[in-house]
Every structure is written in structure tokens, then in C-alpha cells.
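Peer 1: Have a look at this one.
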Amino acid sequence: MIETQQNLEALRQLMRNFKVDAVIVPGTDPHQSEYLCDHWKFRDWLTGFTGSNGTAVVTRDRAALWTDSRYFLQAEMQLEDSGFELVKESIPGEPTLQEWLLEVLEPEAVIAIDGRLFSCVEANRLERFCGENGFMLATEFYPADRIWANRPARPASLAFVHDEAIAGETVDSKVERVMEIVEAQGADAMFIASLDEIAWLYNLRAADIEFTPVAIAYALVSNKERSIFIDKEKVTAEVEQHFKKYSVRVRDYDEVMRFLERRSEHETMLIDANRVSDSLANAMPCMKIYAASPIVALKAVKNEVQIAGFRRAMELDGAALVRTFKWLEENVASESIDEIDVWNRARDERARDEEYRDESFGMICGYREHGAIVHYEADEESASTLRPEGMLLIDTGAQYVMGTTDITRTITLGNPSEQEKHDFTLVLKGHLALSRAKWPAGLCGVNLDLLARQPLWNEGMNFLHGTGHGVGHFLGVHEGPQGIRMQQNPTSLEPGMIVSNEPGLYKAGQYGIRTENLVLVVEAEKTQDFGDFYKFETLTLFPYDVRLIDRDMLTAEEIGQINDYHAMVRERLTPHLAPDEALWLEQKTQPLTV
């Protein structure tokens, strides 16, 4: 914490030098990425907080950090003695960031941001706030460039081609579909800053960001030109040939600002205001149309080749997890195994498949009370040693070249209590209800969300995170625009979309429970009178821990649903397993009786 306090003082000295009264520091990069490379983790360096969601604000004499319910417990620990106070988002009585600024700042105060890290939407929101309250907004304040000693360099992994046989579509086809929508919006070209969109559009992958196989880059596309802005040392001969084949011109990453400044005033550029930074948007002298990126919706609907890849990835992943959980169960009583050991074992088991590339996020392996920390990540100081008792929550996923996985299982390591079984079964009932849903075309995730929550609501309990998120194809494990949550999302669930199904329950200081499968939206039936109906196909392949099920709480339909799922898991995974592993799986998937 001494180092964090020194970093905070260095920022305050810079603020005094530039006559700045408050600085807002987001946990983002210039591409609005979920996961950041170390080069842009300035907020982490400044505060000591490492969660994926959090915004810090520093004034001359106070400092605070805002984060959501997933990170409350983590933030409390990491911010202790740091000089930063924790403000809990969406909690009654806690101020919003803007309310806090109004409370602590004097009239005509100068609020500064690095405009390269703020989307157009966020910067415009701040500009309105400042204008309405007598503050001044400075958007060219770059503290990371000035005070972050020994700042990590930008990553330099080699890019590689995502084969069309896996992607299921050529670059030409994708560009054609994108430009059809861009021109329908009245624009001539589209500028792209989101790394996953560029990776999808140009069938390109890399390892610049942990967990997400993307290259740090920008792109511009029109019917006349296709450009990518990327550090040229990343471009291999194979990638160069790929770009030539599809007429994609390679430009230097640091050239993007000058390139945009030289665009014609007569050109009309489509920009997604939520995904392009304020600095880059303002650099363009051309006409601009602010609209949602068409790539987001296009890549959300997977083609048949991608869906087949997902199914294969689930088989490889399920087999690796059988080996992992079997090892854990057989050794927890006799060996010293901690939460980090479980992550390492799962990674090693997955790496036995040549199509495995990386984890899709940092494993959440929470034993007992750690399971109640929704986004807990063990380190050497916090990792608990497992014992043959209590519950263990494991949320993990992997990147295979043909698909991305994400699964959560809560298991007992021995002697489950009646309360643990009761709570586990409540969560499972919601999970099962959502997975067997059938609905008319046009409904959104919010229309289905209550199915997963109803068993908990009936007993006065809830979970605060979303029930489901979209998943990319060998891309981000969290992608939009679709989702399943209590908050309104106007995106309807369409065939080809993949979402997670992950209700949970968290009791601070005791345990956490979450059960998660990935599911695919498919057509259910067509009716003459009522139109099309959709349903889910479950993709994830791994058994539920039947030792935690209170069978008296389940209906005959639910028991049949579990048995059918376990039969599918056994059938699909057994060919990938050694005889002793197949026997373990057979024992874990024995039919439940009514």
C-alpha cells in the first residue's frame, strides 16, 4: 500500500502542475476492451484494485473508486490503506460518481480525463455534466504517459490467420455484409476500434490480451478501401499474404490519428459511439454518423461451421474437466491442494489437446466463503487449502481454435449440510427452468430472466449479476448484444446466438453456488397461427453434482431433465476418456429416481 500511496501522490503533484482539480481514471484501454494488456492498467497501478470493472476519481485531497457488486469484497481488501475509499455502485445511499464530484468540488473546478480512454458516449455525458454544473472538462490529460515509471510496453504477439474452414465465412463475405448495413445508414465507410470486431471481420487472431485471442489494432473498411492499423512486426508472412488476398492494407498502429485527421470532409464515416474513443472521433474532419456497429449483431449469430466447432470444443473441454474433477476428488483428502492448484490442473488437462490455446478468463475457484465472492481470483496470499468437506465453486473456460467455453459447477468435497443441498437445488431448479424454455420469436433475454430467478425469489433471495451473457467464437467469452438479465436489453434472442445460463446464490462468509451451461438458441417449431418459436440446445457437457441435490425439491419433469442431460454427457464424453475416467463419469451420471 505504500507504493499505491506514492503513486497517488505522484498523480496529485501532476494535477497541481497542470491546475487540475479532479481526474477520472477508468479501467479501460483505447479499444474499450473487457480485459486489458498490462500497458493500459493504469487504474490498477494507481489504486491497487484489479477487478475488470472499476472507475477511480482523484481530487487534491480525496480519492474514491466505484465498482459493482461482483467486486465489493475484493475491492474492500485491495483498497485497504491505499488512500482510496470504496463506493458501491447501485447501492441505496451510495453516491454516483457525478453526485460525489458535486459534493467535493468547488464551482469552476477543472475535471480532467484521458480522452483516448473514454468512448464518445462517456465523454459527451461528462461534458454535459460539466456544462450543467459550472465545471470545465479537459480531455487531453495523459498521466500514465508522464508518471508511470517502468510502464509495460504494448504487447507484440504474432498475429495469425483464423482459417476460413473454422470461421465458416470469408473476409470478402463479411465485408460485403457489413458495408450493406453501413451504406443503408447513409455512410461511406466505417471506423472500427473494438479488437474483437476487427478479429472477426478480417479472420485474424493473436495473443495480445490475456484470455481473448485478439491483436491490438484499429481498422477502417469501405467499398473502396480496407485498412488495418497494427504494429507491423506482428504481421507474419502468412498474415501478410492473407491481407493481400483480401486487399487489406497494413498501416502502422501509431499512424491512426494522423490518418483520420487527413480524411476528406466530404466523406461520411459510421462510428459506434460506445466503442470509439472521443479523441479519435474528434480527429476526423469528415461527416460522422453515430450508430451501433453492425459487426456486433452479425458476429453474435453463429453459422453452422462455428456451431459445429462449439460442439467439438465442449467435448474436449468436458473431457479435460472430467480428468480434473476426478483428480481433485481422489486426492483432496491425502494431498495439499489449494485453489490455485485446481486452476493449474485444469489448464494442464486442457493443454493435452492441440486445439487448445488459452483459458477464456481467469478461473474462479472459490472454496467455502471464497465462493461467495462472485469474481474471486485466488492468489498466493488468499488461496485456501481444500479439505474433504464444504463446497467448492469452479467457474472456468477455455479458448479452443474452434470455439470458446465457459462453465460453472459447484461441488461438495464432503459432508454437505441440508442447507447447502437446499440452496444448491434452488439454484439448479432455476437453471433447469431456463434451459427448457420455449418462447415466441421476438422476445429478449429480460423476458426469460425470471425463469432462472423464480425459485430463489419464492424464498426471498436473489443474485445481482446477469443470468446470461453472449459468447464469442474463439473470441471474447463475454460478448453482446444479447444477454439474459433483469435489466432491459432490446436485443431479441435469435437462432445461432449462444448465451450462458448461470443463476447463483451467494451467502457472504459462508459459501457461493452457481451452475452454468452455455446454450444455443435454435428453432423449436413454426406455427401458422402464432409464428415461430425458439428454444435452447445445451452445449456444455459436464455432470451436476447429484450429492448436492435434494430430490424431494424436484419435480418428475426436472429429474427426467437431469437424467436426459447426464445421458447426453456420458454419450458425448466417453469416447474422449480413458477407461477409468469413463467409469468415473458413469458413476457421476447414474439416473436419479423419482
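The values are calculated or read from the model by the stated rules, or taken from the named source; none is laboratory data. All figures in this text were calculated on a predicted structure; none of them were measured in a lab. Because the Cβ atoms are built from the backbone with ideal geometry, glycine has one as well, and the counts that use them run over all protein chains shown. The area values use the complete protein model at the heavy-atom level, side chains included, leaving out ligands, DNA and RNA. Shrake-Rupley method; radii C 1.70, N 1.55, O 1.52, S 1.80 Å.
Peer 1: Per-residue HN-Hα couplings for the range 291-298, Karplus 6.51 cos²θ - 1.76 cosθ + 1.60 at θ = phi - 60°, whole Hz, x for Gly and Pro?
Peer 2: Ordered by residue, 3J(HN,Hα) equals 8, 4, 4, x, 5, 4, 6, 5 Hz.
Peer 1: In the chain, if the dipole is taken from +1 on Lys/Arg beta carbons and -1 on Asp/Glu beta carbons about the Cα centre, which of Q98, L393, M257 is farthest to the positive end?
Peer 2: M257
Peer 1: Moving on. In terms of Cα to Cα distance under 15 Å, which aspartates and glutamates are near enough to K526, apart from those fewer than 8 places away along the same chain?
Peer 2: Leaving aside aspartates and glutamates fewer than 8 places away in the same chain, those within reach of K526 are E494.
Peer 1: Right, next: Grab every C-alpha pair in the range 151-281, bin the distances at 5 angstrom width from 0 up to the longest one, and report whole percents.
Peer 2: With 5 Å bins starting at 0, P(r) equals 2, 10, 21, 24, 21, 13, 6, 2, 0.
Peer 1: Would you pull out the residues with amide H under 5 Å of R226's amide H, same chain only if 5 or more places away, H placed 1.01 Å from N?
Peer 2: The answer is R249.
Peer 1: So, one more: Would you be so kind as to identify which of V23, G442, F361 lies farthest towards the positive end of the dipole of the chain, taking Lys and Arg as +1 and Asp and Glu as -1 on Cβ and the Cα centre as origin?
Peer 2: So the residue furthest toward the plus end is G442.
Peer 1: Here's something else I'd like to know. Would you work out the relative contact order for the range 288-396, in percent, from Cα pairs under 8 angstrom that are 6 or more residues apart?
Peer 2: Numbers: 92 pairs, mean separation 28.3, N = 109.
Relative contact order for the range 288-396 comes out at 26 percent.
Peer 1: Looking at the P(r) of the range 1-123, how many percent of alpha-carbon pairs lie beyond 18 Å? Each step should come with its number before you reach the end.
Peer 2: On the way: 3889 of 7503 pairs.
Cα-Cα pairs in the range 1-123 separated by more than 18 Å: 52 percent.
Peer 1: While we're here: Can you quote the Å³ per residue value for the convex hull of the Cα atoms in the range 507-594, rounded to an integer?
Peer 2: On the way: hull volume 14.7 nm³, N = 88.
Each residue corresponds to 167 Å³ of Cα convex hull volume.
Peer 1: Determine ³J(HN,Hα), in whole Hz, for all residues of the range 250-263 in sequence, where each value follows from phi through the Karplus function 6.51 cos²θ - 1.76 cosθ + 1.60 and θ = phi - 60°; x replaces Gly and Pro.
Peer 2: 8, 10, 5, 4, 6, 7, 4, 5, 5, 4, 5, 5, 9, 5
Peer 1: Which whole-number percentage describes the relative contact order of the chain, with Cα contacts under 8 Å and a sequence gap of 6 or more? Intermediate results must be reported in sequence, preceding the final value.
Peer 2: Numbers: 1222 pairs, mean separation 65.0, N = 594.
Relative contact order for the chain comes out at 11 percent.
Peer 1: Run the accessible area of the chain with a 1.4 Å probe and give the carbon-and-sulfur part as a rounded percent. Let's see the in-between values first.
Peer 2: On the way: 11630 of 24490 Å².
The nonpolar share, carbon plus sulfur, comes to 47 percent.
Peer 1: Give the aspartates and glutamates reachable from K88 as a straight Cα distance under 14 Å; neighbours fewer than 8 places away on the same chain don't count.
Peer 2: Within the straight-line limit of under 14 Å, K88 reaches these aspartates and glutamates: D68, E76, E99.
Peer 1: For the range 255-347, what is the largest minus smallest coordinate of the Cα atoms on each principal axis, given in angstrom and ordered from greatest to least?
Peer 2: 71, 34, 20
Peer 1: Let me ask something additional. To the nearest 0.05, what FRET efficiency results for E164 and D61 with a Förster distance of 51 Å applied to their C-beta separation? The partial results should precede the final answer.
Peer 2: Values: r = 58 Å, r/R0 = 1.13.
So the FRET efficiency works out to roughly 0.30.
Peer 1: For a Förster distance of 25 Å, can you work out the FRET efficiency between the beta-carbons of E494 and A308, rounded to the nearest 0.05?
Peer 2: Working: r = 18 Å, r/R0 = 0.74.
Efficiency at R0 = 25 Å is approximately 0.85.
Peer 1: Further question: Expected output is a single nm value to one decimal: the length gained when fully extending between Q13 and H39, i.e. 0.36 nm times separation in residues minus the C-alpha distance. What is it?
Peer 2: Here the answer is 7.1 nm.
Peer 1: Any idea which of N563, T67, P155 is furthest toward the positive side of the dipole for the chain, if Lys and Arg beta-carbons carry +1 and Asp and Glu beta-carbons -1?
Peer 2: The listed residue farthest towards the positive side: P155.
Peer 1: How much FRET efficiency would the formula 1/(1 + (r/R0)^6) give for S336 and M486, where r is the Cβ-Cβ distance and R0 is 35 Å, rounded to 0.05?
Peer 2: Numbers: r = 41 Å, r/R0 = 1.18.
After rounding to 0.05, the efficiency reads 0.25.
Peer 1: Give me the lysines in straight-line cross-link reach of K421: C-alpha distance below 27 Å, same-chain residues under 8 apart excluded.
Peer 2: K326, K429, K507, K588
Peer 1: What whole number of Å gives the distance from the Cα centroid of the range 382-418 to the Cα centroid of the range 91-119?
Peer 2: The range 91-119 and the range 382-418 have Cα centres spaced 39 Å from each other.
Peer 1: Here is a follow-up. Per residue, how big is the convex hull around the C-alpha atoms of the range 116-191? Give it to me in cubic angstrom, could you? Can you show the working numbers first?
Peer 2: Details: hull volume 13.1 nm³, N = 76.
Convex hull volume per residue, Cα atoms: 172 Å³.
Peer 1: Defining a contact as two alpha carbons under 8 Å apart and six or more residues distant in sequence, what relative contact order in percent does the range 31-83 show? Could the numbers behind the result be given before it?
Peer 2: On the way: 38 pairs, mean separation 16.2, N = 53.
The normalised contact order for the range 31-83 reaches 31 percent.
Peer 1: If the only charges are +1 at each Lys and Arg Cβ and -1 at each Asp and Glu Cβ, what is the size of the charge dipole of the range 199-245 around the Cα centre, to the nearest 20 debye?
Peer 2: Numbers: 7 positive and 7 negative charges, 60 e Å.
Using only the charged Cβ atoms, the result is roughly 280 debye.
Peer 1: Residues of the chain: accessible area per residue at 1.4 Å, in Å²?
Peer 2: Details: 24490 Å² over 594 residues.
Heavy-atom accessible area per residue stands at 41 Å².
Peer 1: For the range 332-482, restrict the atom set to alpha-carbon positions and state the Rg and Dmax in Å.
Peer 2: So, for the range 332-482, Rg and Dmax equal 17.2, 53 Å respectively.
Peer 1: Can I ask one more? Consider just the alpha-carbon atoms of the range 155-226 and return their Rg together with their Dmax, both in angstrom.
Peer 2: Considering the range 155-226 through its Cα atoms, Rg and Dmax are 12.8, 37 Å.
Peer 1: Would you kindly calculate the translational diffusion coefficient of the range 30-189, applying Stokes-Einstein with the Kirkwood radius from alpha carbon pairs, for 37 °C and a viscosity of 0.692 mPa s, and quote it in µm² s⁻¹ without decimals? Before the final figure, lay out the partial values.
Peer 2: Numbers: Rh = 19.0 Å.
D, rounded to a whole number, is 173 µm²/s.
Peer 1: Using the alpha-carbon centroid of each, what span in Å lies between the range 199-265 and the range 560-594?
Peer 2: About 46 Å separates the Cα centre of the range 199-265 from the one of the range 560-594.
Peer 1: Taking the DSSP beta bridges in the range 192-305 as the whole, what percent of them are antiparallel, to the nearest 5? Walk me through the intermediate numbers first.
Peer 2: On the way: 7 of 14 bridges.
Counting only bridges with both partners in the range 192-305, antiparallel ones make up about 50 percent.
Peer 1: Also: Can you give me the Cα centroid spacing of the range 279-325 and the range 472-505 in angstrom?
Peer 2: Using only Cα atoms to place each centre, the spacing works out to 11 Å.
Peer 1: W45 accessible area, nearest 10 Å², 1.4 Å probe?
Peer 2: Taking all protein chains as shown, W45 has close to 50 Å².
Peer 1: Place a +1 charge on the Cβ of each Lys and Arg in the chain and a -1 charge on the Cβ of each Asp and Glu, then give the dipole magnitude about the Cα centre in debye, rounded to the nearest 20. Can you show the working numbers first?
Peer 2: On the way: 60 positive and 98 negative charges, 182 e Å.
Computed charge dipole of the chain: roughly 880 debye.
Peer 1: Please compute the modelled spin-label separation between R128 and E354, points set 7 Å along Cα→Cβ, answer in nm with one decimal.
Peer 2: It works out to 5.5 nm between the two label points.
Peer 1: Taking a quarter of the surface of the convex hull around the Cα atoms of the range 197-240, what do you get in nm²? Working shown, then result.
Peer 2: On the way: hull surface 13.3 nm².
The directionally averaged projection comes out at 3.3 nm².
Peer 1: Thinking of the range 436-594 as a set of Cα atoms, what percent of all their pairs are more than 24 Å apart? All intermediate terms of the calculation are to be shown ahead of the outcome.
Peer 2: Working: 5543 of 12561 pairs.
Every Cα pair in the range 436-594 considered, those over 24 Å come to 44 percent.
Peer 1: Let me ask something else about it. Enter the accessible area of W343 (Å², nearest 10), with the probe set to 1.4 Å and all protein chains included.
Peer 2: Its heavy atoms expose roughly 40 Å² to the probe.
Peer 1: On a full-extension model of 0.36 nm per residue, what is the gain between T593 and T236, subtracting their alpha-carbon distance, rounded to one decimal in nm? Mind showing how you got there, number by number?
Peer 2: Numbers: separation 357, 0.36 × 357 = 128.52 nm, distance 5.77 nm.
Result for the pair: 122.7 nm of gain on full extension.
Peer 1: Another question, if that's okay. HN-Hα J couplings of the range 329-341 from phi, Karplus 6.51/-1.76/1.60, θ = phi - 60°, integer Hz, Gly and Pro as x?
Peer 2: 4, 7, 10, 5, 7, 10, 10, 8, 10, 10, 4, 5, 4
Peer 1: Radius of gyration and Dmax for the chain's Cα atoms, expressed in Å?
Peer 2: Every Cα atom of the chain included, Rg and Dmax give 24.8, 73 Å.
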